[in-house]
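The values are calculated or read from the model by the stated rules, or taken from the named source; none is laboratory data. All of these numbers come straight from a predicted model, not from anything done at the bench. With ideal geometry, Cβ positions are generated from the backbone for all residues, glycine too; neighbour counts draw on all protein chains shown.
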Amino acid sequence: MPNERRDNAGTSGPRQEHTPEQLLRIIFEYTAKIAHERSLDSVLLLMADMGREMILADRCTVWLIDQTRGELFTKVAHGVEHIRIPLGSGFVGHAITAGEPLLVEDAYADPRHNADNDRKTGYHTKSVITVPFVGSDGSIIGAYQAINKQTEDAQFTSADLERLVLAASYAGKSLESVMLHEEIAATQRDIIFAIGEIGENRSKETGNHVKRVAEYSYILAKGYGLSEEEAEQLKIASPMHDIGKIAIPDAVLLKPGKLSEAEYELMKEHTEIGYTLLRTSGRALLNIAATIAYQHHEKWDGTGYPRGLRGEEIHLYGRITAIADVFDALASDRVYKKAWELGRILALFQEERGRHFDPQLVDVFFQSLPTILDIRDRYND
């Protein structure tokens, strides 16, 4: 079975059953933590820890349903890739299909046991409890599964089943809320990316351009020291940097040769157009996108546009996206030019350190170059 949340279980001998006071403390501590989490991964790990501790199991897994693929999946601890099994497979599949909790004293004596993971890991599943999670509309969204009791008799009891049902009741609503939040966030990300592609497609760029700029921005943000959450927000918002191009005439946007002075002034308007389109939203991601659209053509020395901002007057998001966007523009074929060789690009970045670009971010760019080049090759047009 999956090796989700084992920690130090199974290394200190048999354990004693919890007193009612200890059980209440576990419930209150974990439900408080779960209620304040917005990350699905974190909620799943807390729920697994809560279930394992409540009934003294060796391992506890939280399974979710992927209706699209007809599978059950669980995200496991310590960065290991998640596990997927067919929807009706094993004890967990049976409990979800039947919509009823399941207590099995001897897994290998039960034909429903899926021993594939035991064979892969060398782990031996003995007793199992599985409890479905029910959503607010009455539909089943997943299940708890606890494996191998850690008391001296090594057997789960009906009291353990009741406790895991209680844990599922406490944590299930929070799980559903976080899943809904992540679904909304994923939809928002998809919409932002799709709109970003519209702006690039008007200028004959491929969708890979916005993917690369997003990935470069994330790497630069992390290298600069931003948190995972902030770097991820920048990655999601950066595809909107050129959305203002939707309002630039084709005669200017698609011109293969050098733009006239008047055409260049018209092209520059895409920054203010993009900002105007995005700035009125109350959503944090779109506010970030508005800032990026407005400032990604500003330059460190104050010679950029549209406002001629200088140094740290330019928002960090704009400074990061500027490097990501310029690198991709130079490293890719465009309607008006062929891609530059890498050596020429790197020489330009050294030359523009402290002029076009934030010097510290240029240093981060060079430190992150192997990862950036890997992204370029992975999303090559």
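Take the conditions (1) out of contact with any helix residue (DSSP H, G or I) (no Cβ under 9 Å at 6 or more places or on another chain); (2) part of a loop (DSSP other than H, G, I, E, B); (3) not hydroxyl-bearing (S, T, Y); V92 misses just one of them, which is (2). Counting only residues that are over 19 Å from T291 (Cα atoms) and in a helix (DSSP H, G or I), the stretch 223-248 holds 2 of them. For the stretch 154-161, does any single residue satisfy the condition of being crowded, with 21+ Cβ neighbours inside 10 Å and part of a loop (DSSP other than H, G, I, E, B)? Scanning the stretch 154-161, I find at least one residue that is crowded, with 21+ Cβ neighbours inside 10 Å and part of a loop (DSSP other than H, G, I, E, B), so the answer is yes. Residues being touching a residue at least 12 places away in the same chain (Cβ under 8 Å) and assigned to a loop (DSSP other than H, G, I, E, B) are entirely absent from the stretch 41-54. Taking the stretch 332-381 as the range and being closer than 14 Å to Y218 by Cα and charged (D, E, K, R) as the test, the residues that pass are D374, R376. Looking only at the stretch 249-284, count every residue that is closer than 25 Å to S217 by Cα and part of a loop (DSSP other than H, G, I, E, B) and tell me the total. Residues in the stretch 249-284 being closer than 25 Å to S217 by Cα and part of a loop (DSSP other than H, G, I, E, B): 5 in total.
Among the residues of the stretch 21-40, is there at least one that is touching a strand residue (DSSP E or B) at 6+ places or on another chain (Cβ under 7 Å) and small (G, A, S)? No - not one qualifying residue is present in the stretch 21-40. Every condition in (1) farther than 25 Å from V362 by Cβ; (2) at pLDDT 85 or above; (3) not hydroxyl-bearing (S, T, Y) holds for G311 except the one numbered (1).
Given the residues A347, A339, A329, which is the only one that is assigned to a loop (DSSP other than H, G, I, E, B) and either surrounded by fewer than 17 Cβ atoms within 10 Å (Cβ to Cβ) or among the aromatic types (F, W, Y) (or both)?
Numbers: A347 fails: assigned to a loop (DSSP other than H, G, I, E, B); A329 fails: assigned to a loop (DSSP other than H, G, I, E, B).
Only one candidate passes the filter, namely A339.
Checked against the criterion of being assigned by TED's automatic domain parsing to the domain that holds Y294, within 19 Å of D242 (Cα to Cα) and within 25 Å of the chain's Cα centre (by Cα), the candidates A329, A324 yield just one match: A324.
Report yes if T371 is touching a helix residue (DSSP H, G or I) at 6+ places or on another chain (Cβ under 7 Å), among the hydroxyl-bearing types (S, T, Y), surrounded by fewer than 21 Cβ atoms within 10 Å (Cβ to Cβ) and in contact (Cβ under 8 Å) with a residue 24 or more places away in the chain, otherwise no.
Values: touching a helix residue (DSSP H, G or I) at 6+ places or on another chain (Cβ under 7 Å): yes; among the hydroxyl-bearing types (S, T, Y): yes; surrounded by fewer than 21 Cβ atoms within 10 Å (Cβ to Cβ): yes; in contact (Cβ under 8 Å) with a residue 24 or more places away in the chain: yes.
So T371 fits the description; yes.
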